[in-house]
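Student: Have a look at this one before I ask anything.
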Amino acid sequence: MENTTDYDYYPYSGFSQPCEENSLNNNTVLVLVYILVFCLSMVGNTVVILVVYFMESRRASTDVYLMHLAIADLLFSLTLPFWAVDLHSSNWVFGTAMCKVVSGVQETTFYCCVFLLACISVDRYLAVVKATQFLSRQRHLVGAVCMAAWTIAFFLSLPVIVHRKAFIPEERTNYVCYENLTESMDEWRMGLRILRHTAGFFIPLTVMIFCYGFTFSTLCHSRNSQKQKAMRVILCVVLAFIICWLPKIITEIIDNLMRASQITETCELRNSLDVALYITKALAFTHCAFNPILYAFIGKKFRSQLLMSLFRKGLVGRETLSKYRVGSVYSSASSRLSSVTQS
C-alpha cells in the first residue's frame, strides 16, 4: 500500500532501547527493481490495452475489466520512477503537490485492481454458475461497474492524499513523502489502515474466494473442457495478485499491531519486520508487470488477437501468423466465456 515503509519515519512507542540497523536496506537493488518493473509494465500493459481496444464488437465483459486492470497497472507503474529517485537520493525532491498526486495514484490503482478482480470473479460466477450473460450484453452496465470501482478506490485513497506531504521529520535532514500525523492521532492512523486493508483487500478477496469456489465446483462437474480452459488465465491473474500483495498486507498488519502495543516489541521482531517490509514491498510492486506476461504465455486468444493486429500493421508476415495463431480470432465470438484470457 504505502510506498515508504512506516518504520523509517514513524517511531515505535514503548521501546526505549535502540536496535542495531539492518544491513539489508540496499536501496540500489530496489531502485533497479523499480526501473525494470516500470519498463516491463509500460510495454506490456500498453500492448494489452491496445489489443483489447481493437477487439471492438468482439469485446466481452471480462475483456473490459481486464482492460481497466491494465490501465490501473500502467498508472501504478508511472509512480515508480518517482520512488526510484526518492530512494536513490534519500530525499523527496518533488514537493508536496507531487507527493499527494503520486501517493494518490498509487493507492487508487491498487484498490482499483483488487476491485476489478472481484468484478471479474462475479462476472464468471454469473456466466458459469447462473448461466447468464446479462452483464456481457449490457455494455453500459459493465462500464458503470468499472467507473464505480475507480470511484470507490479513489475515496479509499483520500486519507492518504489529504495527509501526505513533503516534510523533514525529526532526526533527519532530507525531505520525505509521508503522512504527517501527530502522535495523538496514532489510534486513528491504525484504525484507518486496518479499515483500508479490510475494505480494500480482504472483503474483495472473500468475494473472489466465494465466486471462484462455486465456479470451479460447477466446472468440475461439467464435461465442457473449453469452459475449464477459459478460466486458466483468470485464475493465474488472481493468484499472481494475491501472491504479490498478501505478504505485504500481512506484514503491515503485524507492524501496525506492534505499533499499537498489541504485540510485544523486541529488537529481533522489529528487525525482522524491517526486512519483511523491505522484501514484500519489492515483491508487491512487481505485480503491475505480471499480467501481460500471463496473457502472452497462457492466453491463446490474446496471442491470436495480438498477432492479427501486428499482421494488419505489416509488422509480421502471413507465415508467422499461420504458425503461431491458434484458430481464428473470430471463432470464439459466440463462446460464453469469451475473453482475452481464453486458452
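The values are calculated or read from the model by the stated rules, or taken from the named source; none is laboratory data. Predicted model only: the values in this text are computed from it and were never measured. Backbone-built Cβ (ideal geometry, glycine too); neighbour counts: all protein chains shown.
Student: What number goes with the only condition from (1) within 23 Å of residue 42 (Cβ to Cβ); (2) in contact with a helix residue (DSSP H, G or I) (Cβ under 6 Å, 6 or more places away or on another chain); (3) at pLDDT below 85 that residue 255 does not pass?
Tutor: The number of the failed condition is (1).
Student: Which residues, taken from segment 30-66, are part of a helix (DSSP H, G or I), among the aromatic types (Phe, Trp, Tyr) and in contact (Cβ under 8 Å) with a residue 40 or more places away in the chain?
Tutor: Answer for segment 30-66, where residues must be part of a helix (DSSP H, G or I), among the aromatic types (Phe, Trp, Tyr) and in contact (Cβ under 8 Å) with a residue 40 or more places away in the chain: 34, 38, 65.
Student: Next question. Given 272, 217, 184, which one is of a type outside the set (Asp, Glu), surrounded by fewer than 16 Cβ atoms within 10 Å (Cβ to Cβ), modelled with pLDDT under 80 and over 18 Å from the mean Cα position of the chain (by Cα)?
Tutor: After ruling out the rest, the residue left standing is 184.
Student: Let me ask you something else. Among the residues of segment 284-304, are any modelled with pLDDT of 80 or more, over 20 Å from the mean Cα position of the chain (by Cα) and closer than 30 Å to residue 254 by Cβ?
Tutor: No, segment 284-304 has no match at all.
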